[in-house]
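Only one structure is covered here, and it is reproduced in the block below.
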Amino acid sequence: MRQRTWTVVVPVKRLGAAKSRLRGALSGVPHEELALALAADTVAAVRACPAVAAVVVVTDDPLVAAMADAAGARAVPDAPGAGLNAAFRHGAEVATAGGWAWVAGLTADLPALRPAELAAALDAATAGIPGVRRFVADAPGSGTVLLAAPPGVPLDPRFGVGSAAAHLASGALPLTGDWLTLRQDVDTAADLAAAARLGLGPRTAAVARVDRPAAHPG
């Protein structure tokens, strides 16, 4: 049986401010409901990943915190206005408070994520040059969906516009596996449609009123 090794940090903004470019993407669906569904499916997939021992959700939204608790993740308060990278750093500090830990930061907008693809990426992050952070770029290649750090190495997140280049410049190395559901983050209506073609998780599928595949593998 695979040993569960990783603690994954997932920051989630207050729902009213999250995923602003998706506002109005689904007619008749409150924006906060869609944002919560995206985060819920992401957290559920991470919790189901066989390489993950714990999930830390950094948020100051009570609905997100309740979702995280119900999913078996640990919700910790964010510092309002501190920003995404500060939330990743805070979550990483919580994850490493007990000492030795493999820590990964993951964006909260991966509603098609398959646990097996996340496991494959995390396994790849443990291979190769020791003591080096690794990252997975998003589908277009300019953003970052996953940043992974081995024990004793700060996560040092550089999420934001052009984050793939920023992470590379900071010394992190790219992981290049063909992980379609891991790379498909959702910032726009077109991204949501692309994720739907891969197969949405149950919460997002229900909100988007689309049929899920007969099986949502791995």
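The values are calculated or read from the model by the stated rules, or taken from the named source; none is laboratory data. Treat the numbers as computed from the prediction; the structure is a model and nothing was measured. As a convention, Cβ positions derive from the backbone with ideal geometry for all residues, glycine included, and neighbour counts pool all protein chains shown.
Grab the helices (runs of 4 or more DSSP H) fully contained in region 120-198, keeping just those with 3 or more residues being in contact (Cβ under 8 Å) with a residue 60 or more places away in the chain and either out of contact with any Cys (no Cβ under 9 Å at 6 or more places or on another chain) or surrounded by 14 or more Cβ atoms within 10 Å (Cβ to Cβ) (or both).
By residue number, 180-183, 189-198.
Let's see how each residue does on (1) in contact with a His (Cβ under 9 Å, 6 or more places away or on another chain); (2) within 21 Å of VAL12 (Cα to Cα); (3) of a type in the set (A, V, I, L, M):
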position: ARG133; (1), (2), (3): yes, no, no
position: PRO140; (1), (2), (3): no, no, no
position: ALA148; (1), (2), (3): no, yes, yes
position: VAL153; (1), (2), (3): no, no, yes
position: SER163; (1), (2), (3): no, yes, no
position: PRO174; (1), (2), (3): yes, no, no
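Out of everything in region 56-86 that is in contact (Cβ under 8 Å) with a residue 24 or more places away in the chain and touching a Ser or Thr at 6+ places or on another chain (Cβ under 8 Å), what residue ends up being farthest from VAL8 (Cα to Cα)?
Looking at residues that are in contact (Cβ under 8 Å) with a residue 24 or more places away in the chain and touching a Ser or Thr at 6+ places or on another chain (Cβ under 8 Å), I get ASP78.
Suppose we filter VAL132, VAL76, VAL161, VAL153 for residues that are aliphatic (A, V, I, L, M) and in contact with a helix residue (DSSP H, G or I) (Cβ under 8 Å, 6 or more places away or on another chain); which single one remains?
Checking each option against the conditions leaves just VAL76.
Got a number for residues in region 19-47 being at pLDDT 90 or above and either closer than 25 Å to ALA104 by Cβ or surrounded by 23 or more Cβ atoms within 10 Å (Cβ to Cβ) (or both)?
Selection size over region 19-47: 14.
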